[in-house]
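The values are calculated or read from the model by the stated rules, or taken from the named source; none is laboratory data. As the structure is a prediction and not an experimental result, all values here were calculated from the model. Quick reminder, even Gly has a Cβ in these numbers, built from the backbone with ideal geometry, and neighbours come from all protein chains shown.
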Amino acid sequence: MGRNRFVKPDMVRLYLADVHRRHLEDLLDPLKQQALEPEKRATPSDLDTARAAIADAEADGAWIDVKRELNAGETRHVFAQLVKDMRAGEKIALDPEKVGITKVLEYLLGWSFTDDKGQSVAVSQGAIEALDQETYTEITQAIEAHEARMEADRTERKKKTTGIVTSEAISTSVA
């Protein structure tokens, strides 16, 4: 029996504090810092600001629930919503209003956000667009990091797979 080729509708909870933790890790990573121009390298003040952002995010406890992975239809939908114009041999024209939000809309299932009365706010395009820019950025960064982890997991699974069955080469030699 081969592998299951269908995406299971699994959900993953992502904490927005992790976005700030990853940022601090980048600031502390000597290789990433060496690659930057000297004036763009992390300063002690940058590190303090990043640590404070982590503390604030942990105190807030905000989270989002996302799909573990998109299926083929959802992936095509993201692409179709994002593309404004596509012609053979030309650069694809993207719809600037749809950049970022198309992926968020496909992935995002729920969140911990409430309104000023403490009532839960349902996920919708309108609610997403009403978020402050910082929260929206945290969500997009969390989803991008989640996608990167899922891709790394798929790559690792492929490396560990044994007993791969392949088709025999088709012989085109003439006798």
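Scanning segment 51-66 for residues that are under 16 Å from ALA145 (Cβ atoms) and either in a helix (DSSP H, G or I) or in contact with a Cys (Cβ under 9 Å, 6 or more places away or on another chain) (or both) returns ALA53, ILE54, ALA57. Would you confirm whether any residue within segment 6-20 is in a helix (DSSP H, G or I), modelled with pLDDT of 95 or more and not hydrophobic (A, V, I, L, M, F, W, C)? Yes: segment 6-20 contains one or more residues that are in a helix (DSSP H, G or I), modelled with pLDDT of 95 or more and not hydrophobic (A, V, I, L, M, F, W, C). The residues of segment 21-46 that are acidic (Asp, Glu) and in a loop (DSSP other than H, G, I, E, B), listed by number, are ASP29, GLU37.
Working carefully through the options ALA62, ALA17, ALA57, ALA50, find the one that is touching an Asp or Glu at 6+ places or on another chain (Cβ under 6 Å), small (Gly, Ala, Ser) and surrounded by 16 or more Cβ atoms within 10 Å (Cβ to Cβ).
Only one candidate passes the filter, namely ALA17.
Scanning segment 46-96 for residues that are modelled with pLDDT under 90, among the acidic types (Asp, Glu) and over 22 Å from the mean Cα position of the chain (by Cα) yields ASP85, GLU90. Every condition in (1) closer than 18 Å to GLU69 by Cβ; (2) without any contact (Cβ under 8 Å) to a residue 12 or more places away in the chain is met by THR114 except one, and the failing one is (1). The one condition from (1) farther than 21 Å from GLN141 by Cα; (2) aliphatic (A, V, I, L, M); (3) not in a helix (DSSP H, G or I) that ALA80 does not meet is (3). Considering the conditions (1) over 19 Å from ASP10 (Cβ atoms); (2) modelled with pLDDT of 85 or more; (3) of a type in the set (Asp, Glu), GLU147 is excluded by exactly one of them, (1).
Scan segment 91-114 and give yes if some residue there is part of a helix (DSSP H, G or I) and farther than 26 Å from ALA152 by Cβ, otherwise no.
No, because not a single residue in segment 91-114 is part of a helix (DSSP H, G or I) and farther than 26 Å from ALA152 by Cβ.
For LEU70, the criteria (1) of a type outside the set (Asp, Glu); (2) in a loop (DSSP other than H, G, I, E, B); (3) farther than 16 Å from VAL104 by Cα hold in every case but one, which is (3).
Sub-9 Å Cβ pairs linking a first residue in segment 31-52 that is without any contact (Cβ under 8 Å) to a residue 40 or more places away in the chain and within 15 Å of ARG21 (Cβ to Cβ) to a second residue that is surrounded by 11 or more Cβ atoms within 10 Å (Cβ to Cβ) and polar (S, T, N, Q), at least 6 apart or interchain, are ALA42/GLN33, ordered by first then second residue. What is the number of the single condition among (1) of a type in the set (A, V, I, L, M, F, W, C); (2) in contact (Cβ under 8 Å) with a residue 60 or more places away in the chain; (3) assigned to a loop (DSSP other than H, G, I, E, B) that ALA88 does not meet? It fails just one condition, (2).
In this structure, GLU106 does satisfy being within 25 Å of THR75 (Cα to Cα) and of a type in the set (Asp, Glu).
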